[in-house]
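Taking it in order: structure first as structure tokens, then the write-up.
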Amino acid sequence: SFACGRRFQALMPLPVPPAKRLCCRPGYSTTCRQGQRAGGTVCGGSGSGQGGSSKTQSPESLLDIAARKVAEKWPFQRVEERFERIPEPVQRRIVYWSFPRSEREICMYSSFNTGGEESATSGENVDETRLPFRRGIALLESGCVDNVLQVGFHLSGTVTEPATTSEPEMVCSVAISFDRCKITSVTCGCGNKDIFYCAHVVALSLYRVRRPEQVKLHLPISETLFQMNRDQLQKFVQYLITVHHTEVLPTAQKLADEILSQNSEINQVHGAPDPTAGASVDDENCWHLDEEQVQEQVKLFLSQGGYHGSGKQLNLLFSKVREMLKMRDSNGARMLTLITEQFMADPRLALWRQQGTTMTDKYRQLWDELGALWMCIVLNPHCKPEQKAAWLRQLKKWNSVDVCPLEDGNHGNELPNLTNALPQGAHDSGTRPHRTVFTRAIEACDLHWQDSHLQHIINDDLYTNYCYHDNTENSLFDSRGWLLWHEHVPTACARVDALRSHGYPREALRLAIAIVNTLRRQQQKQLELFRNHKKDLLHKGVTSITNLEGWVGHPLDPIGTLFSTLMETGRGDEDSSQASTMSSSKHSELHLFPSTRRFLEEGESYLALAVETALMGLGQQRIMPDGLYAQEKVCRNEEHLIAKLQEVDLDDTLVKIFRKQAVFLLEGGPYSGLGELIYRESVPMHTFAKYLFTCLLPHDAELAYKIALRAMRLPVLESTAPSGDMSRPHHIVSVVPNRYPRWFTLSHIESQQCELASTMLTAAKGDARRLETVLESIQKNIHSSSHIFKLAQDAFKIATLMDSLPDITLLKVSLELGLQVMRMTLSTLNWRRREMVRWLVTCATEVGVYALDSIMQSWFTLFTPTEATSIVATTVMSNSTIVRLHLDCHQQENLASSARTLALQCAMKDPQNCALSALTLCEKDHIAFETAYQIVLDAATTGMSYTQLFTIARYMEHRGYPMRAYKLATLAMAHLNLSYNQDTHPAINDVLWACALSHSLGKNELAAIIPLVVKSVKCATVLSDILRRCTLTTPGMVALQLLDATIGAYINTTHSRLTHISPRHYSEFIEFLSKARETFLMAHDGHIQFTQFIDNLKQIYKGKKKLMMLVRERFG
């Protein structure tokens, strides 16, 4: 008899995993063992069966068949307990067959991907030669494995790592324990610190798998010891101590002391440990997984916050969990538990909650995958109740932590949750506003697989009812006798995902087909229902809510699951015929699951069914969810599904499906996102409709345009029409009344709407009727000026392609859209406005002279006066435009006349900004020019600044009207006021120019402007400059007036400067006084005046001693 005890680790020459149980053989004497050999035989010796390398194909022996089955299922302790004595040959065959025979699991535990095709198609930039599994194969094939020995359920050997340029040769001692065809523990001298097995463990394992005949096999060491008499045992122990005395002598002495002491603990236990004796009854039978390393690696990846490829590494770990589940490996759930614990311990969760910030999108997706994996695990159709109960306790524990992320990504969102709970999980969403990423898995723990109809669907090939009449809502069969499965769709699809994930592809496919057939039947019934009530519903203008919970963007991704399940089978079909692209054509399919094909339409393939399922899901009318993350997920999932559909080549079969679904979508009423009536907050169909339009256009253009035009609407931006008012289109009220919807993805949605319109414009080139319809749809449905401008530009580019003549109809569409943009942005600020105006003139030029004339005639509805004169009219009057349009003299004159009329109207409306442009544009027409000049004069006294007047005055001088320039300069001077300290003012040049102009016109004009200068300019340096320029020709009284004003300005400026002067400005001030003296001396008694002025300064500012000392030094 054998008993299980604690592990024991003494006397191990290699790093042997510790013993699992205690072994002894009471009642056996040495006599009964005579004749039995204590030595070993080669693994593949007599009766080796499949394990040998013999070329003869003899039938497998009954011993090997039985031993293999026992080795797979029974712990060796149970075998020993069951039989009083096990013959040595039987023991050997059980021990032989207990080592894993498949390389697949070894590969799974030594690489992030399973190698072969999967790694080639995974898209990850992994250097496969560096994967432990590949390196292990290389070590094995290059003869680096040596000293291989199997003692019972323990394999050991050495693996030599060849020297490299940077590292010397390394010999690693490897030890592996195994049980029931699973490696249960590994140790290696390389000190590997990783989740997965090192290359040395791989090399030794594969040596045993591939070359079993070369491995010497011994029974467990305890069996060998049983065969020895006392003298042999003593010799064995003494030799062992002698060989390894430095390592084991202290331990040997300690054990000897304990054995000789009757009351010692070691003597209270029956038997002794044997690390080679196999598993005890209580041992869990699972592959070795380094739990500590899993935790450390996940913790490290999380701490890197998505940098250094950590997000990719975590996704690979999730893929590894899925891989384990598919192999039905219990470590899948174990590994996910370890990962989840580290995710829950992430310190950022509390920080984000505290700060009220959201987690990054990639991190949020990792949490989604975590929740989805737990859903798969608890829905394992063959898990034990106690196992599910343990998972439920763990999930509830995580769920109760306040930092546990919520399903919709929002923290503290108190809006009532609109999501349906899973049917068998009786939770009222109103009482549970917070649904975490684990909530669905918790609810799924209430689901079971015992339903007899469900069991028949997934297991029974002959379960049909061809006599059935399809007349009830929840029928188990349709009218053809095909299976149906009525369950909350995301829940039913979660079952499919669970079946696939746990390695039941056939069952998953059968259930998926039943679900899709149910969806098709429901779609047909919904269509019939709407047709029967269509008139009443359209009159009311409202519909009942059918789908609060959308399938695309749903946390459980039901449509994605059905699509993947069917496509995987479809791809299996394709692989058999070596098709280069995927299509649904009927080539010789490899019937992976032939029985399920009975539930497909005649000639229909799994791929065609997958495509139809995706179309049904994408076209479903559904409410836009709350929250940024949930809304982004809707967009992301839709685009991901469409990207998958775009990989499929359309053949005749698929085109029929597209047509059928397009008609359903158009006529499906409230059930379809493309029906006649939609809710104000329905998820828009622009992206989906663009895909449908592109696919249908070559086959059924009319249907394609119907779909695309119906999808153009965006009612969330419309005001709601009262029901019953048939004068305009109806937009259905929100589910949550009086709440302005917070659509965080609105800019993306509007850009998709724009893309759809652009696609239609491109396709409609050359078809005037279609272009007119598309234009009407754009003008009605698109509300963003930037998007309409983009469409106008797109239409212009398409219409004026270099390789063809311009499409005048499309050019007119482009112009019409451009005009709409002008009207929309006329009274709002838009940084692109100038670009838009220039583009519109270019577009109108391409359309023709009448278009240019038209925009000038109605300029006030399109442009500001400044834009109309400085951009529109100026461009129209340019030589390049005349040449581009090939205008004759008469046409040129008409266009110029319109431009002049526009210029005068703009000058009247905004003389400050448009007068100069108006004068320029009217130069060649005397009457118009005079009118423009009069507008300037009329506005000069009230609305125009001196800067604008000086600019126009200079223009007049340049054009040869000096007196008009003089007139305007005097009007400008009246608006000017230069204070004493504005000696760098930009208007100084204008003042000097005005004085020079007056000087050139004559004494009278100069005499007239000087009083204006004296009145407007108080800056001494400016006045002195004018004084010097005009002294020689200025009449006496006028010159005296200017001189007095200049002296007065110097006196005032001096006092102003001295009020706040600092020592660092003293020298500058002395220079200023020197200039003042020059001006004073121009007066008759200037010397006396200046002396008095200096004396006054000395008296008034005598406190500024240093400054006054400098004044005395310079001026006495």
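A probe of 1.4 angstrom, applied to the heavy atoms of all protein chains, finds Met963 with accessible area near 100 square angstrom.
A crude spin-label estimate for the pair Val269 and Gln779, with each label 7 Å from Cα along the Cβ direction, gives 9.2 nm.
In the complete set of protein chains, residue-level accessible area for Asp652 is approximately 120 Å², probe 1.4 angstrom.
Across the stretch 633-716, counting alpha-carbon atoms alone, Rg and Dmax equal 12.7, 37 Å. Computed over the stretch 808-879, the convex hull of the alpha-carbon atoms projects to a mean area of 4.4 nm².
Considering only protein heavy atoms, with the full assembly of protein chains and a 1.4 angstrom probe, order Tyr197, Tyr961 by accessible area, largest first.
Details: Tyr197 10, Tyr961 80 Å².
The most accessible residue leads, giving Tyr961, Tyr197.
Net charge within 13 Å of Ile339 by Cβ-Cβ distance, Lys/Arg positive one each and Asp/Glu negative one each, not counting Ile339 itself? For residues surrounding Ile339, the net value is -1. Cross-link partners among lysines for Lys1102, C-alpha distance below 25 Å, same-chain residues fewer than 8 apart left out? Cα-Cα hits under 25 Å: Lys1075. Start at zero, step by 5 Å, and the Cα-Cα distances of the stretch 834-928 spread as 3, 15, 28, 27, 18, 8, 2 percent across the bins. From largest to smallest, the equivalent ellipsoid semi-axes obtained for the stretch 170-239 from the alpha-carbon gyration tensor read 30, 16, 12 Å.
Assuming R0 = 22 Å, can you tell me the calculated FRET efficiency for the pair Ala643 and Thr762, based on Cβ-Cβ distance, to the nearest 0.05? Display every interim value, and only then the final one.
On the way: r = 21 Å, r/R0 = 0.94.
About 0.60, to the nearest 0.05.
Rounded to two decimals, what ratio of Rg to Rh does the stretch 196-347 give with C-alpha atoms and a Kirkwood Rh? Taking Rh as the inverse mean 1/r over Cα pairs, Rg/Rh reads 1.12. Note on the stretch 759-828: Rg/Rh from C-alpha atoms, Kirkwood Rh, equals 0.97. Taking amide H as placed 1.01 Å from N in the peptide plane, Gln620 has its amide H under 5 Å from the amide H of Gly673, each at least 5 places away in sequence or on another chain.
Express the Stokes-Einstein translational diffusion coefficient of the stretch 128-279 in µm² s⁻¹, to the nearest whole number, given a Kirkwood radius over alpha-carbon pairs, 10 °C and a viscosity of 1.306 mPa s. Let's see the in-between values first.
Details: Rh = 17.9 Å.
Calculated translational D: 89 µm²/s.
Among the listed pairs Lys660/Lys765; Lys69/Lys299; Lys299/Lys326; Lys312/Lys397; Lys644/Lys765; Lys216/Lys388, those whose Cα-Cα separation exceeds 32 Å are Lys69/Lys299; Lys216/Lys388. A cut-off of 5 Å between modelled amide H atoms, ignoring neighbours fewer than 5 places along the same chain, links Ile183 with His288.
Computed from phi, the 3J(HN,Hα) profile of the stretch 186-197 under the Karplus parametrisation 6.51, -1.76, 1.60 (θ = phi - 60°) reads 9, 9, 9, x, 6, x, 4, 10, 7, 5, 9, 5 Hz, with x in place of Gly and Pro.
In order along the stretch 861-871, the phi-based Karplus estimate (6.51 cos²θ - 1.76 cosθ + 1.60, θ = phi - 60°) of 3J(HN,Hα) comes to 8, 10, 10, 6, x, 4, 4, 4, 7, 6, 10 Hz; Gly and Pro are listed as x. Ignoring aspartates and glutamates fewer than eight residues from Lys534 along the same chain, the ones with Cα atoms less than 16 angstrom from its Cα are Glu667, Glu676.
Tally Lys/Arg at +1 and Asp/Glu at -1 over every other residue whose Cβ is under 9 Å from the Cβ of His783; what's the total? Before the final figure, lay out the partial values.
Values: positive: none; negative: Glu718, Glu750.
Overall, the nearby charge balance is -2.
In straight-distance terms, cross-link reach from Lys384 covers every one of the aspartates and glutamates whose alpha-carbon lies under 16 Å from its own, apart from those fewer than eight places away in the same chain; here that gives Glu284, Asp329, Asp446.
Separation of the alpha carbons by more than 29 angstrom is noted, of Lys690/Lys780; Lys1018/Lys1104; Lys73/Lys396, for Lys73/Lys396. What FRET efficiency comes out for the pair Val237/Leu476, r = Cβ-Cβ distance, R0 = 56 Å, nearest 0.05? For Val237 and Leu476, the calculated efficiency is 0.15. Length, then width, then depth: along the principal axes, the Cα atoms of the stretch 837-893 run 29, 19, 17 Å.
Accessible area per residue was computed with a 1.4 Å probe on protein heavy atoms; Ser682 scores about 10 Å².
With the Cα gyration tensor of the stretch 1054-1116 in hand, convert its eigenvalues to equivalent ellipsoid semi-axes via √(5λ) and list them largest first in whole Å.
Those come to 20, 12, 10 Å.
Cα centroid separation, the stretch 739-799 to the stretch 347-399: 42 Å. In this structure, Ile1070 and Gln1099 have a Cβ-Cβ separation that, at R0 = 25 Å, corresponds to a calculated FRET efficiency of about 0.85.
So what's the net charge close to Lys924: Lys and Arg +1, Asp and Glu -1, counting the other residues with Cβ under 13 Å from its Cβ? Show your work: numbers first, answer last.
Details: positive: Arg900, Arg959; negative: Glu893, Glu923, Asp925, Glu930.
Residues close to Lys924 contribute a combined charge of -2.
Couplings for the stretch 1011-1019, taken from phi via the Karplus curve 6.51 cos²θ - 1.76 cosθ + 1.60 with θ = phi - 60°, read x, 5, 5, 4, 6, 8, 10, 10, 8 Hz in order; Gly and Pro are left as x. Debye-formula intensities of the stretch 1016-1108, expressed as log10 I(q)/I(0) at q = 0.12, 0.18, 0.21 Å⁻¹, are -0.39, -0.82, -1.05 (one equal scatterer per alpha-carbon, no solvent).
The values are calculated or read from the model by the stated rules, or taken from the named source; none is laboratory data. Bear in mind that the values here come from a model prediction, so they are computed numbers and not experimental data. Quick reminder, even Gly has a Cβ in these numbers, built from the backbone with ideal geometry, and neighbours come from all protein chains shown. Side chains included, ligands, DNA and RNA excluded: accessible areas come from the protein's heavy atoms. Shrake-Rupley method; radii C 1.70, N 1.55, O 1.52, S 1.80 Å.
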